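Notes follow the structure.
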Amino acid sequence: MTVLVTGAAGYIGSHAVLTLADAGREVVAIDDLSAGLRELIPAAVPFVQADIADRSRIGAVLKEHRVQAVLHFAGSISVAESVRDPLRYYQNNTAGSAALLASCVEAGVRSFVFSSTAAVYGAPKILPVPETATLAPINPYGASKAMTERTLADVGAAHGLNWAALRYFNVAGADPALRSGQAGGEVTHLIRRAVLAALGRAPFAIHGDDYPTPDGTCVRDYVHVTDLVAAHLTVLDALAAGQSGVVLNVGYGTGTSVRDVVRAVEGAAGTTLAAPVGPRRPGDPPILVADSKRLRRDFGWTPRFEDLDTIVASALAWERKRTG
Ligand code: UDP
């Protein structure tokens, strides 16, 4: 069964390609290289540089490789950018995913796993947030992904495509063998920014400390990229076995504040981080923590890197390797 990975040269997509290849699965990688890096994909994996919205190119790839399953990671990922440039998000994430789905339906693809996000919940009232919570995104990024979830449900019902939407909480860390990690694109995510600051390579600030949280900074649920990718492989098998409409939170269920991350980075790097408090970043909910019981209980997900210090240490090791 050949698996197509979109966004394969990106952070999470490249880890998925590595894991599939490690497991001996047939995989074909696509990426438009607008943010991804070609070198993150192993040379032995077939790679096509293409836009997910390019119906004829994608149709040809699906046919040529007899693709039966798609892991769809391609998309724009910054909350702040989505507030500044919402049309980019509705174009790349929502319209792009609809075009990809049209190609998949036409080619008879059987299973489709979508990279969704905790941002679909907005600022949830129930914490940790279960999958049954109301979707109420508070930024265009979350809205663009929620629209695709709805599209998937409708397309799945109409065309018999087995689908899953995995709602990622905050993904961080690097491949334990340091073959991939966060690279390329604009550096916006907290752990990477703090690690780069600890290495003296970028300035850093805390985006607001007046939130209704224990230390005033935003609380997130950081999940190691390798554990996240493992969830995809489990779900792929479930879809191949006939399940559909699988919606799952992927997070550990542990709340970590921005200040907790700063401390962990200081500990890992053995340095003190200048962390001045700046203004809030538009679109940031105060707290996002996953209820991931469904993934653990029903899909047997057993994380291997469920620890902030482990995540931060791997992010730091990757950054040291990458930038010397
Ligand atoms: N953050 C911060 N300084 C930075 C980058 C991020 O204080 O340089 C905060 C951000 O405002 C949010 C949290 O860290 O409260 C996580 O942000 P990130 O961009 O990593 O992920 P998001 O939750 O937005 O997907």
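Some values worked out for this structure:
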quantity: From V277, V258, V223, V289, residue being closer than 28 Å to A197 by Cβ, buried (at least 20 other Cβ atoms within 10 Å of the Cβ) and over 18 Å from the mean Cα position of the chain (by Cα); calculated: V258
quantity: Filtered residues of segment 93-123 (kept if open to solvent by 20 Å² or more (accessible area, probe 1.4 Å) and part of a loop (DSSP other than H, G, I, E, B)); calculated: G108, R110, A123
quantity: Hits in segment 42-91 (condition: of a type in the set (A, V, I, L, M), buried (at least 17 other Cβ atoms within 10 Å of the Cβ) and within 16 Å of the ligand (Cβ to nearest atom)); calculated: I77, V79, V83
quantity: Residue selected from segment 260-301 under the condition touching a residue at least 24 places away in the same chain (Cβ under 8 Å) and of a type in the set (V, I, T), by the criterion nearest to T213 (Cα to Cα); calculated: I287
quantity: Qualifying residue in segment 46-53 (condition: at pLDDT 95 or above, of a type outside the set (G, A, S) and out of contact with any strand residue (DSSP E or B) (no Cβ under 6 Å at 6 or more places or on another chain)); calculated: yes
quantity: Segment 299-317, residues that are surrounded by 13 or more Cβ atoms within 10 Å (Cβ to Cβ), more than 18 Å from the chain's Cα centre (by Cα) and over 15 Å from T254 (Cα atoms); calculated: F299, A313, L316, A317
quantity: Every residue from segment 226-255 that is β-branched (V, I, T) and either open to solvent by less than 40 Å² (accessible area, probe 1.4 Å) or touching a residue at least 60 places away in the same chain (Cβ under 8 Å) (or both); calculated: T226, V229, T234, V235, V246, V247, V250
quantity: Residue check, T134 modelled with pLDDT of 95 or more, hydroxyl-bearing (S, T, Y) and more than 19 Å from the chain's Cα centre (by Cα); calculated: yes
quantity: Entirely in segment 167-281, the strands (runs of 3 or more DSSP E) that have 1 or more residues that are modelled with pLDDT of 95 or more, within 14 Å of the ligand (Cβ to nearest atom) and of a type in the set (F, W, Y); calculated: 222-224
quantity: Residue list for segment 38-68, filter: part of a helix (DSSP H, G or I) and touching a Leu at 6+ places or on another chain (Cβ under 8 Å); calculated: I58, V61, L62
quantity: Check on G142, more than 11 Å from the ligand (Cβ to nearest atom) and part of a helix (DSSP H, G or I); calculated: no
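The values are calculated or read from the model by the stated rules, or taken from the named source; none is laboratory data. Bear in mind the structure is a predicted one, so any value in this text is a computation, not a measurement. Note that each Cβ is placed from the backbone with ideal geometry, even for glycine, and that neighbours are counted across all protein chains shown. Note: accessible area is taken over every heavy atom of the protein model, side chains too, but ligands, DNA and RNA are not part of it. Shrake-Rupley method; radii C 1.70, N 1.55, O 1.52, S 1.80 Å.
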